[in-house]
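The values are calculated or read from the model by the stated rules, or taken from the named source; none is laboratory data. All values derive from a computational prediction rather than experimental measurement. In this analysis, Cβ positions are derived from the backbone assuming ideal geometry, glycine residues included, and neighbour counts consider all displayed protein chains. SASA here: full protein model, heavy atoms, side chains in, ligands and nucleic acids out. Shrake-Rupley method; radii C 1.70, N 1.55, O 1.52, S 1.80 Å.
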Amino acid sequence: MSDVNWRLAMRSLKRDLRAADVRALFIALVLAVAASTMIAFFLDRLERGLERQAGQMLGGDLVLEQRDPFSAELRERLESAGFVLSDQVDLVSMISRDGRFQPASLKAVDEAYPHYGVSYVDFGNGTEQIASGPPPGEAWADPRLMELVEIELGDRVQVGQTELTVSGIIEREADQSGGFGNFNPRLMMNTADVEATGLVQEGSRIEFEILAAGAPAALDQVQGLLAELRRDGVEVRDVRVDR
């Protein structure tokens, strides 16, 4: 393009840009791009927030539940996919102290609990935020169980064939997953004490859970495995589906 044609083209462009309708079109284009970017950003934050909240309620990004203990092979496959695992056992049993008996929902957690969030526990000096479960030999009871069995902090309660020291009052658990025993008052204990209770027997009302925390890529990697588990009767809760 010659210099003369170039100058004519630039004058024409400047003249067109000064036109009101062209300026309005340009402003509309800028606003449309900005709005699209803001909406995409908002949706991304919303998506992440939903997954984070759902993960906390479920106890992990992936939760597996069945009536029998899970195999070591399954645990290895999940860990190799990039998941961090936490074991949990839920069962219903009678709690007793000084001749008082009360059905309770027992929740046994391991040292990796919780993957997300904190529990609110009163150890006698006000409620504290705790990112763990009770240590072996101890248990945390909810206020309803404390009242029904007339327990005070430091008391020992009979759980099956063993005794545990009630060291905390649990106001809110880190994970809020439901279960068959949630209508009963709650007692949280350590999985290391489950065997000593003698409650894991044929016909016991018990559920074994694996709570897995991992990146979205890890969830993508195990979709085939999850389909197999569902066919085998394992209850599978995926944070991206069940939220």
For segment 121-137, which positions are under 20 Å from residue 190 (Cβ atoms) and open to solvent by 60 Å² or more (accessible area, probe 1.4 Å)? 123, 128, 129, 131, 136
Which one of these does residue 174 not meet: (1) assigned to a loop (DSSP other than H, G, I, E, B); (2) closer than 21 Å to residue 93 by Cα; (3) within 18 Å of the chain's Cα centre (by Cα)? (2)
Only one of 184, 190 that is polar (S, T, N, Q) and modelled with pLDDT under 90: 184
If you take the residues of segment 61-95 that are more than 11 Å from residue 209 (Cβ to Cβ) and among the small types (Gly, Ala, Ser), which of them is most open to solvent (accessible area, probe 1.4 Å)? 80
What's the total number of residues in segment 96-113 that are open to solvent by less than 50 Å² (accessible area, probe 1.4 Å), within 13 Å of residue 189 (Cα to Cα) and not aliphatic (A, V, I, L, M)? 4
